[in-house]
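So the structure is just underneath, and the comments pick up after that.
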Amino acid sequence: IKGNRVMIFSKSYCPHSARVKDLFSSLGVECNILELDQVDDGANVQEVLSEITNQRTVPNIFVNKVHMGGCDRTFQAHQSGLLQKLLQEDSAYEYDLIVIGGGSGGLACAQEAAILGKKVMVLDFVVPTPQGTSWGLGGTCVNVGCVPKKLMHQAALLGQELKDARKFGWEYSHQVKHNWETMIEAIQNHIGSLNWGYRLSLREKAVTYVNSYGEFVEHHKIKATNRKGQETYYTARKFVLATGQRPRYLGIPGDKEYCITSDDLFSLPYCPGKTLVVGASYVALECGGFLAGIGLDVTIMVRSILLRGFDQEMAEKVGSYMEQHGVKFLRKFVPVMVQQLEKGSPGKLKVVAKSTEGPETIEEIYNTVLLAIGRASCTRKIGLEKIGVKVNEKSGKIPVNDVEQTNVPYVYAVGDILEGKLELTPIAIQAGKLLARRLFAGSLEKCDYVNVPTTVFTPLEYGWCGLSEEKAIEVHRKENLEVYHTFFWPLEWTVAGRDNNTCYAKIICNKFDNDRVIGFHILGPNAGEITQGFAAAMKCGLTKQQLDDTIGIHPTCGEVFTTLEITKSSGLDITQKGC
């Protein structure tokens with residue numbers, strides 16, 4: 001009752017309860033509803049309600065902590081204007097919504113709520129890395145994730161295209177070399193413009209932006225601590241957690257003192273030199289890939305498998321291509337110590353690593369050690385225990401229902417901190433917008449987490465939508481599936497003399513659902529652009545026959561999906577002999 005603007009105690013089969021729900025829905029007012037016939041202690045709740053309200057029936061309605069009564073009294077209050085007056089008396093809180101975290105999901109939610117006329121605050125504070133790196137408004141994606149990653153990936157691709165250019169007749173005699181400092185300055189200038197754009201957008205929508213660390217101190221109340229340690233307190237009716245994640249460390253001697261993470265790499269003021277990347281995540285492979293692509297000596301140390309959770313056939317093909325193009329892989333080893341031999345920009349570090357399969361240890365010297373072993377949710381130190389929000393003790397992730405609501409009714413969450421959801425920027429943005437519309441505009445639309453496309457921006461890009469082959473077999477059984485696949489040779493690679501059996505496409509079809517495409521996978525140039533288009537088709541229920549009926553655009557890489565004929569079960573050769 002205390003935590004909700006409108007609280008309805010109801011029974012799912014009660015027609016009077018249904019009328020009241022419809023009334024509040026027509027007013028665009030969000031209600032918290034407890035169906036007493038669907039909870040174990042419903043009878044006890046009703047008993048307590050009768051004691052405090054002297055009303056034994058349902059619906060039993062409270063508006064802003066005021067007991068409204070049942071169905072008839074609520075409709076009478078609506079006709080007299082009393083209900084509207086009570087709904088407006090929400091001045092107990094300073095804000096309608098406070099969003100903790102100014103990343104993609106948090107900003108999307110805050111701005112949408114403000115567009116809907118609500119009083120909104122965004123709290124955003126970047127705790128500096130052990131190396132002292134911090135950044136501006138916008139979250140991981142803009143500052144230390146997708147945006148700088150894709151730009152550095154592009155820098156590496158341009159290096160490859162310079163080599164290809166000679167085969168196409170471009171003549172240049174002087175040696176071409178890469179300048180790290182020039183690249184970093186250009187990328188950081190672009191990111192700075194995005195930071196400013198976010199701040200301007202919040203100002204235009206009258207969202208209050210506070211560069212402070214938010215922490216719950218009691219129900220509906222948070223403490224905001226700025227860089228100087230000054231504390232301010234704010235209250236709100238609703239809260240959205242959008243705190244995101246930060247890179248994990250190994251917990252070995254020298255890791256935080258001498259290693260960097262992706263949080264540091266994209267603004268590193270000097271070229272990292274000979275680099276050891278620790279990890280097999282997409283972050284590890286992407287960073288290792290573009291560092292090698294600009295000419296650095298790169299080794300990737302892998303504990304077990306590449307790209308855990310991704311399609312393993314595709315993951316191994318990604319790794320194989322990187323290995324063929326200069327990236328060294330050190331498999332089945334983990335670092336146990338990092339020791340500084342020389343200071344500098346970069347310095348020299350000795351890494352001692354141990355085999356995961358026996359007593360063997362190895363040592364090697366690198367200029368830079370980049371840790372990319374996974375990310376930890378920023379949910380531990382924001383006071384959630386003080387208000388009772390459930391957090392997965394092991395992962396730090398927050399369980400939510402299908403409308404992103406936590407177990408505390410006025411607290412919601414979006415983005416990478418959600419348990420069992422994909423960690424992708426566009427998902428956070430979509431979920432944030434839709435959440436604001438449900439909270440403040442009476443919308444019922446929920447975020448759809450099915451068939452979300454993604455791309456790993458390794459030197460040869462890997463695009464994916466739907467299920468991995470392993471997951472498809474687990475869900476649908478192997479005998480119910482047909483997998484179509486082929487290698488393909490991009491036309492741009494032919495004159496350049498690049499390998500004609502490297503790029504690969506496959507689709508996974510459910511034979512007993514009209515050959516519906518349930519998994520889409522491509523390894524090749526511009527895989528992100530190709531996957532985005534086919535993802536829309538998969539949302540529409542794409543089948544193999546529809547792909548066959550589609551006329552391809554020639555010559556493109558994407559057209560390969562309109563001519564797939566060979567199935568894995570046939571065992572036929574898929575190597576390419578020509579265009």
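Couple of notes before you dig in:
Residues are listed down the side, and each one gets a yes or a no for (1) open to solvent by less than 80 Å² (accessible area, probe 1.4 Å); (2) of a type outside the set (S, T, Y); (3) in contact (Cβ under 8 Å) with a residue 60 or more places away in the chain:
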| position | (1), (2), (3) |
| --- | --- |
| N143 | yes, yes, yes |
| L151 | yes, yes, no |
| Q160 | yes, yes, yes |
| N179 | yes, yes, no |
| Q188 | yes, yes, yes |
| R199 | no, yes, yes |
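Yes/no matrix, rows are residues, columns are (1) surrounded by fewer than 16 Cβ atoms within 10 Å (Cβ to Cβ); (2) more than 26 Å from A108 (Cα to Cα):
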| residue | (1), (2) |
| --- | --- |
| Y213 | no, no |
| H220 | no, no |
| Y233 | yes, no |
| T243 | no, no |
| P253 | yes, yes |
| E257 | yes, yes |
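- Matching option when the condition is modelled with pLDDT of 95 or more, more than 30 Å from G273 (Cβ to Cβ) and aliphatic (A, V, I, L, M), among L241, L250: L241
- Annotation note: of E364, E385, E393, the sole residue that is closer than 30 Å to Y270 by Cβ and surrounded by fewer than 16 Cβ atoms within 10 Å (Cβ to Cβ) is E364.
- Some residue of segment 314-337 being surrounded by fewer than 20 Cβ atoms within 10 Å (Cβ to Cβ), under 26 Å from G132 (Cβ atoms) and not assigned by the TED database to the domain that holds Y504: yes
- Taking the listed residues T133, T140, the one that is among the hydroxyl-bearing types (S, T, Y) and either within 30 Å of I1 (Cβ to Cβ) or not in a loop (DSSP other than H, G, I, E, B) (or both) is T140, with no other qualifying.
- Annotation: of all residues in segment 433-452 being open to solvent by less than 40 Å² (accessible area, probe 1.4 Å) and within 15 Å of the chain's Cα centre (by Cα), the one that is farthest from G519 (Cα to Cα) is C447.
- Of all residues in segment 531-552, none that is not assigned by the TED database to the domain that holds D513 has its Cβ atom under 8 Å from the Cβ atom of a residue that is surrounded by fewer than 15 Cβ atoms within 10 Å (Cβ to Cβ), 6 or more apart or on another chain.
- Looking only at residues in segment 45-102 that are of a type in the set (S, T, Y), open to solvent by less than 60 Å² (accessible area, probe 1.4 Å) and within 30 Å of L123 (Cα to Cα), the one that is nearest to the chain's Cα centre (by Cα) is Y95.
- Filter pass, I33 being of a type outside the set (F, W, Y), within 12 Å of G70 (Cα to Cα) and under 36 Å from the mean Cα position of the chain (by Cα): no
- Hits in segment 2-20 (condition: buried (at least 17 other Cβ atoms within 10 Å of the Cβ) and within 34 Å of the chain's Cα centre (by Cα)): N4, R5, V6, M7
- Helices (runs of 4 or more DSSP H) contained in segment 1-120 and holding at least 1 residues modelled with pLDDT of 90 or more: 15-26, 42-53, 71-80, 104-115
- Between I387, I398, the distinction of being aliphatic (A, V, I, L, M) and closer than 17 Å to L97 by Cα belongs to I387 only.
- Residue check for E404: among the acidic types (D, E), out of contact with any Ser or Thr (no Cβ under 8 Å at 6 or more places or on another chain) and under 29 Å from L523 (Cα atoms): no
- For K478: the one exception among (1) within 22 Å of the chain's Cα centre (by Cα); (2) surrounded by fewer than 21 Cβ atoms within 10 Å (Cβ to Cβ); (3) at pLDDT 95 or above: (1)
- Remark: F512 falls outside the filter, which requires a residue to be in contact with a strand residue (DSSP E or B) (Cβ under 6 Å, 6 or more places away or on another chain), among the hydrophobic types (A, V, I, L, M, F, W, C) and open to solvent by 20 Å² or more (accessible area, probe 1.4 Å).
The values are calculated or read from the model by the stated rules, or taken from the named source; none is laboratory data. Because the structure is a prediction, the values reported are computed rather than measured. Counting neighbours? That spans all protein chains shown, and the Cβs are built from the backbone with ideal geometry, glycine included. Just so you know, the surface numbers come from the protein's heavy atoms only, side chains and all, with ligands and any DNA or RNA stripped out. Shrake-Rupley method; radii C 1.70, N 1.55, O 1.52, S 1.80 Å.
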